[in-house]
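Written below as structure tokens is the structure these notes are about.
The values are calculated or read from the model by the stated rules, or taken from the named source; none is laboratory data. No experiment lies behind these values; they were computed from the predicted model shown. Neighbour counts run over all protein chains shown; Cβ positions are idealised from the backbone, glycine included. Ligands, DNA and RNA are stripped out before the accessible areas are found, and what is left, the full protein with its side chains, is counted by its heavy atoms. Shrake-Rupley method; radii C 1.70, N 1.55, O 1.52, S 1.80 Å.
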Amino acid sequence: MIPRAWRRGEVAVIGLGRSGVAATQFLTREGVPVYASDTADPPQVRAVVTELRERGAVIDLGRHDLERIARAAAVVASPGVPPDAPPLRAARDAGVMVLAELDMAAMVLDRSDLIVVTGTNGKTTTTALIAHVLVEAGVSAAAAGNIGRPLIEIAAEETAPAWVVVEASSFQLHDAPHLRPRVGVVTNLSPDHLDRYPSAEAYYHDKRQLFRNAVAESIWILNGDDPLALRLPAGAPGVRRRFSLRAPDDAWFNRRQRTLMLGSDPVIDRARLALLGDHNVANALAAALAAAAVGVDCEALGRGLACFPALEHRLEPVEELNGVLWINDSKATNIASMEVALQAMNRPYVLIAGGRPKGDSYQRLSSLMPGKCRAIVAYGEARGNIATALANLVCVEQVEAFEFAVQRAADLAQTGDAVLLSPGAASFDQFQDFEARGAAFKRFIPR
């Protein structure tokens, strides 16, 4: 239900990406006065501003009116807005409630149970896997959140699915006091967003908010191979289920038989899972546990996992040309994601890396450099950092523009190689987002 105070005052929506626009549309449809703002002024936002203003919203592009935000009845934050952003600080300093768009949706979405997926890497794939397996098994389900579709869009529909699988970032969890998952999943945990958090512990603190409303009936699915992930619940009530690539567990990978297992029951042969890398086996095991918690049996789990395709921009095989396989892993915006991608490679490769650094060190990749990596083409703002960390281990060529990086990688690759785009950095120095970077990669492949 919408709090009465919101209707008597004005709700400020910070950030006008897809989630901010959806939140503004929902609130105005409910008769709530809205002030919405974004420091950016991209064409796709301007295209919807007229409609939002016609609905009665007051819109600021290129600025935030901090005084107006401090007077708001509540503030709704879009997923990409960090907790310490000036408009959110202004609201908190004034005692104004700050909610993630996802949390506002959870407040009004009382017809669906939530499976909430978080972690450092693998969130999107695991979210999509769970929703896919549920739908294939005949369960009413949808995916939402940081995966692309705002949860508030589902909350606004007349008929909601029985289950919603929600990808939640640390920023969203920070401001989600009403989020109450029936099932929660932690894929893994490692330092991330250190360009926006003062420490790794501050980042982990926000991830821990997944458990703030835990009850005895909650089901928590945790990575049994990740000590940080296992410690994250720290005494929260609920039932714990674990997945592992290393040893028998609630869900595990039988390497000898190359089979994904649920306890003692086989689910699917590894060869039937159309995803690259052990990390995707872990994601599939997590998804199997989540779907099993909803009541899906092993046979249906196997059918659903077998027909799940690779997601775009996530170790996505694009095409093989002249004996060179081109792989788009543009979603790898941190070093931990990069490590996962490099470990998944089963052939020599030329690596394209770079973009806007996020504060972690590329030296973490040192142990993975000798061997299959033929060369690195480093581009953008991070190119110097990459060269400094790795040039003593592998050939590193530096270029400024992304297009030239793709061209140079094509020159360096040999028959039987792969060209892997796994940037290990944000896209914002040259692109609007990682999707735009991945699309450019596909466009620039020499054909």
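Screening Ala36 against (1) over 26 Å from the mean Cα position of the chain (by Cα); (2) surrounded by 21 or more Cβ atoms within 10 Å (Cβ to Cβ) leaves a single unmet condition, (1). For the range 406-425, a residue qualifies if it is out of contact with any Pro (no Cβ under 8 Å at 6 or more places or on another chain) and within 19 Å of Ile335 (Cα to Cα), and the qualifying residues are Val419, Leu420, Leu421, Ser422, Pro423, Gly424.
Taking the range 49-65, which residues are at negative phi and open to solvent by 40 Å² or more (accessible area, probe 1.4 Å)?
Of everything in the range 49-65, those that are at negative phi and open to solvent by 40 Å² or more (accessible area, probe 1.4 Å) turn out to be Thr50, Glu51, Arg53, Glu54, Arg55, Val58, Leu61, Arg63, His64, Asp65.
Only residues that are over 21 Å from Asp110 (Cα atoms) and either within 28 Å of the chain's Cα centre (by Cα) or outside any helix (DSSP H, G or I) (or both) were counted across the range 1-19, and they come to 10. Considering the conditions (1) without any contact (Cβ under 8 Å) to a residue 40 or more places away in the chain; (2) touching a Pro at 6+ places or on another chain (Cβ under 8 Å); (3) under 23 Å from Gly17 (Cβ atoms); (4) open to solvent by 20 Å² or more (accessible area, probe 1.4 Å), Asp195 is excluded by exactly one of them, (1).
Would a scan of the range 208-227 turn up a residue that is closer than 30 Å to Met345 by Cα, surrounded by fewer than 19 Cβ atoms within 10 Å (Cβ to Cβ), under 22 Å from the mean Cα position of the chain (by Cα) and free of Cβ contacts under 8 Å to residues at least 40 places away in the same chain? Break it down stepwise before answering.
So the first thing to find is which residues in the range 208-227 are closer than 30 Å to Met345 by Cα, and the list is 221-227.
Imposing the further condition that a residue be surrounded by fewer than 19 Cβ atoms within 10 Å (Cβ to Cβ) reduces the set to 225, 227.
After this cut, where a residue has to be under 22 Å from the mean Cα position of the chain (by Cα) as well, the list is 225, 227.
Right, trim to free of Cβ contacts under 8 Å to residues at least 40 places away in the same chain and you get 227.
So far as the range 208-227 goes, yes, one or more of its residues are closer than 30 Å to Met345 by Cα, surrounded by fewer than 19 Cβ atoms within 10 Å (Cβ to Cβ), under 22 Å from the mean Cα position of the chain (by Cα) and free of Cβ contacts under 8 Å to residues at least 40 places away in the same chain.
Identify the residue in the range 94-106 that is hydrophobic (A, V, I, L, M, F, W, C) and part of a helix (DSSP H, G or I) and, among all such residues, is nearest to the chain's Cα centre (by Cα). If you could, list the steps in order and put the result at the bottom.
Of the range 94-106, the ones hydrophobic (A, V, I, L, M, F, W, C) are 94, 96-100, 102, 104-106.
Next cut, part of a helix (DSSP H, G or I) only: 102, 104-106.
Values: Leu102: 14, Met104: 19, Ala105: 18, Ala106: 19 Å.
Among those residues, the one meeting the criterion is Leu102.
Touching a strand residue (DSSP E or B) at 6+ places or on another chain (Cβ under 6 Å) and of a type outside the set (Phe, Trp, Tyr): which single residue out of Asp65, Asp41 fits that description? So the residue among Asp65, Asp41 that is touching a strand residue (DSSP E or B) at 6+ places or on another chain (Cβ under 6 Å) and of a type outside the set (Phe, Trp, Tyr) is Asp41. Consider the range 125-144 and keep the residues that are open to solvent by less than 10 Å² (accessible area, probe 1.4 Å) and touching a residue at least 60 places away in the same chain (Cβ under 8 Å). The one that is nearest to Ala282 (Cα to Cα) is Thr126.
Given the criteria open to solvent by 30 Å² or more (accessible area, probe 1.4 Å) and under 13 Å from the mean Cα position of the chain (by Cα), does Arg111 qualify? Please lay out each step first, then the result.
Numbers: open to solvent by 30 Å² or more (accessible area, probe 1.4 Å): yes; under 13 Å from the mean Cα position of the chain (by Cα): no.
The answer is no for Arg111.
Whenever a residue of the range 380-400 is of a type in the set (Val, Ile, Thr) and in a helix (DSSP H, G or I), its partners that are surrounded by 19 or more Cβ atoms within 10 Å (Cβ to Cβ) and at pLDDT 95 or above, lying with C-beta atoms within less than 6 angstrom and at least six residues away or across chains, give the pairs Ile386/Ala353; Ile386/Tyr362; Ile386/Ala378.
Within the range 38-94, the residues that satisfy the criterion of being under 25 Å from Tyr203 (Cβ atoms), of a type outside the set (A, V, I, L, M, F, W, C) and at pLDDT below 95 are Asp38, Thr39, Ser78, Pro79, Gly80, Pro82, Pro83, Asp84. Taken over the range 355-377, the criterion of being farther than 26 Å from Ala200 by Cα, touching a residue at least 24 places away in the same chain (Cβ under 8 Å) and not charged (D, E, K, R) is satisfied by Pro370, Cys373, Ala375, Ile376, Val377.
Among the residues of the range 146-183, the one identified as touching a Lys or Arg at 6+ places or on another chain (Cβ under 6 Å) and acidic (Asp, Glu) is Glu167.
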